[in-house]
1. Under a cut-off of 24 Å between alpha-carbon atoms, report the lysines in cross-link reach of LYS81, not counting same-chain residues fewer than 8 places apart.
2. By how many nm would the segment from GLN48 to ASP635 grow when fully extended, if each residue of separation counts as 0.36 nm and the alpha-carbon distance is taken off?
3. Determine the sum of side-chain charges near VAL257: Lys and Arg each +1, Asp and Glu each -1, restricted to other residues whose C-beta is under 10 angstrom from that of VAL257.
4. Rounded to a whole number, what is D in µm²/s for segment 576-636 from Stokes-Einstein with the Kirkwood radius over alpha-carbon pairs (4 °C, 1.567 mPa s)?
5. What percent of all Cα-Cα pairs in segment 186-326 falls in each 10 Å bin, counting up from 0?
6. What is the distance in Å between the Cα centres of segment 702-773 and segment 55-80?
7. Within straight cross-link reach of LYS531, meaning Cα distance under 14 Å, which aspartates and glutamates are found once same-chain residues fewer than 8 apart are removed?
8. Working from the pairwise distances between different alpha carbons, so that the mean of 1/r is found and then inverted, what is segment 478-616's Kirkwood radius in Å?
Amino acid sequence: MRPTIKKFVTFCLTSALTLVLLGAIGGIGTYAYIVPRLPEISSLKNVQLQVPLRVYARGGELMAEFGEMKRTPLKYKEFPKVLIHAVLAAEDDRFFEHPGVDYQGILRATWQLIRTGKRTQGGSTITMQVARNFFLSREKTFLRKINEIFLALEIEHELTKEEILTLYLNKIYLGKRAYGFAAAAQVYYGKPLAKLDLSEIAMIAGLPKAPSRYNPVVAPERARIRRDYVLGRMLALGYINKTEYDRSKQVRVHARVHGLNIGVEAPYVAEMVRDEMVKRYGGAAYTDGFEVYTTIDARLQKAANRALRDDLLAYERRHGYRGIIKHVDLLGLDDEGDELAAWTRVLKPLKPVGHLQPALIISVGDESAYAFTREGKMVYLGWDQIKWARRRIDENHLGPALRHAADVLKAGDVIYVAAAGAGCHWLAQIPKVAGALVSLRPKDGATEVLVGGFDYYQSKFNRVIQAQRQPGSSFKPFVYTAALDKGYTAASIINDAPVVFDAPGLEDTWRPENYSGHFFGPTRLRVALIKSRNLVSIRLLRDIGIGYTVRYVTRFGFKPKNLPHDLSLALGSGAVAPYELATAYAVFANGGYKIKPYFIDYIRRDDHIVDMTRPLQVCPKCEAAAEARAKAEADEKARQKPAPPTSEAPKMAAKLEAAPWQLPAQYAGLNEREWAQIRQGPQLPRLAKRVLSPQTAFLINTMLRDVIRKGTGRRALVLKRTDLGGKTGTTNDQRDAWFTGFNGDVATIAWVGFDTPQPLGAHETGARAALPMWISYMRAALQGRPETPLEQPPGIVSVRIDPDTGELADANQRDAMFEYFRSKNVPKRQTEEPSANSPAKRGSNITEQLF
């Protein structure tokens, strides 16, 4: 070998060895510098992905979701195999072969850098993307790339391939606030991942490379090209055959942004849950994957929504049409040969409100019209659905009756319509009047339905819990109950006659009247409540005392500060929210127990129950057992000398007493069925407090049942039940209309009024404006439920009385009737003089005092 060549070879070998040595030293130095500074990889084993708060009805129907990130984490086995193949084909086909770093890909990226002088993202494996998404920024620098490589190697050492892929499939951002492929399936196609076809899976599998650039909603053509690339890679790798490839390529891009698949519409309840969760958990409520199961019954909630909306629309029809939304010239629309597209453009800016749909009148007949809705349907409006639309003048006056449909509609009018059944639609308008409906389970206070208004997205004001309104005559039963506990009976006589008051706290001269404007003379209390006689109620309150009554009604949950301390209290001039009134009426429904309403049943996270409501429950048998146990324990303590308490015991007892209840550790992780069994057992008893004696509860219940049998609630007889009780409520000038009714299983409140109090109009009483809503809902709520009998408690007797005097009737009196009394309050015979302190005598004295 020539010396020159020998020197050259020696130089090359020396240089190569030097470079290798320097590379090794550099690699070791880099490793020694970077690895100790890498984050702890083991944290990925228990990573907590940000998952939104989800709210469900009692049966598991989704109600709402709250949180910035849309994500539904799945386990590896829950991901369809075809999706895994699509992702590997698009992102990293050697994933199951390389050790976390694909050296072939890195060499390609290096060659691209040498050739073009540009850094690219090429060479990133799925493991490296996991490292970047969890630990690094997206900044493209050599240092970040080196960190990424070392992290990927560490991750592969700590986790299995399946665990790494699961993290990737759940974590990756795919556009439109969708994180993870399960969320992307819902956002772009409105269905679960398992129900996507091959073309849809290939579409979302192509998104990780550039979610904005290849977004099928924003850039459908670029998205199609990317999808076809993924399909081609799947074909090349043998994941799909040629037939599947060709068929999927022919599918047009049909992705669009979908909302949640809401199972039941209950946004007012969902907002109550969100507010409560933020109070309990702060900002973590939105990110920690809480699943809140409420007490809402999905079937009944749907019935309640319909009942309230139908009732408010019926009120609107009684009070005239305010007019169309706007008018457009159909002939002048720029349709470019597609009139349906032109009509759709007209309606697109208008949003549905409740179940009302914006619509465009296309043609008008003599007594009918056809309209095109925002949903793209042609609907028919018959004369029965149009003729109501007389011009509104004010709440008590309407314009002339319509003779033809053209009197109110013409082609090109933009209106709202509502389904009327039998293929017809109502001409409709967005109600200005408001309403509320809430129904509780009297035995424990579970909120089965709650509707805070016509449409949450039109008005987020929750009238069930936020509206403070006068209850009107629906407050009278509480005054009558107070009287029953002060010696009055259902047969006590009070004079229903004109009266004038000159009393502090009221207007200078107050002349209250009955709604009818008539006076009926001496009246038994049962009849007075059935007929809702105002003057009897005022005299009754005057006799038993305002202070006593205010104190008494606090047992139902009413706040004294919201009640007037004058005689107008008898007519319900205080301020209550429908939720508060429903809670109070539940006492009548359950036999005299004060329950606490609740709407959250239990809270789950990571498939475990983390909190659960322990409601106050009505359980007379449990109450008796608890009393017997308490007595036995007291007797046992009396026989034993108590040990002196330690210094820490009182402190610990006080701490436990003051602390809110939390889920005991021994119950963590139980499923719903196991919890249901525990709740029924003796481990966690919480008994509701009795606030009415069985005798008082029975008496007022029979009186309220008669309101429906014979009084202002007679329309409810259409339900063909004998176990219903209730009371209408109407305030001055018909500003508020109520119906509050119940049986042993359900206590329901319906309210109608304007948010800014103003008259509803003549004759818009509780029986007309609110009772139909109550009936509509209760028809669904009572379906399949047996009647709840009213058991007569000890100490109550039924005797024949004279209906005119309320006194004991003669054996031969033909018009005598039966009435219930406490044994100690049975009236005397007509020949016997009542004592000066008897209720009947005091009732007579009231008349003398007031005139």
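The values are calculated or read from the model by the stated rules, or taken from the named source; none is laboratory data. As the structure is a computational prediction, the values presented were derived from the model and not from experiment. Cβ sites come from the backbone with ideal geometry, for glycine too, and all protein chains shown count toward neighbours. Accessible surface areas use protein heavy atoms only, side chains included; no ligands, DNA or RNA. Shrake-Rupley method; radii C 1.70, N 1.55, O 1.52, S 1.80 Å.
1. Here the lysines satisfying the reach criterion relative to LYS81 are LYS45, LYS70, LYS161, LYS171, LYS191, LYS195, LYS209, LYS242, LYS249.
2. 206.0 nm
3. Around VAL257, the surrounding residues sum to +3.
4. So the translational diffusion coefficient is about 89 µm²/s.
5. 9, 24, 20, 21, 19, 6, 1, 0
6. After rounding, the separation between the Cα centres reads 40 Å.
7. Candidates past the 8-residue exclusion: ASP496, GLU513, ASP706.
8. Its Kirkwood hydrodynamic radius stands at 17.2 Å.
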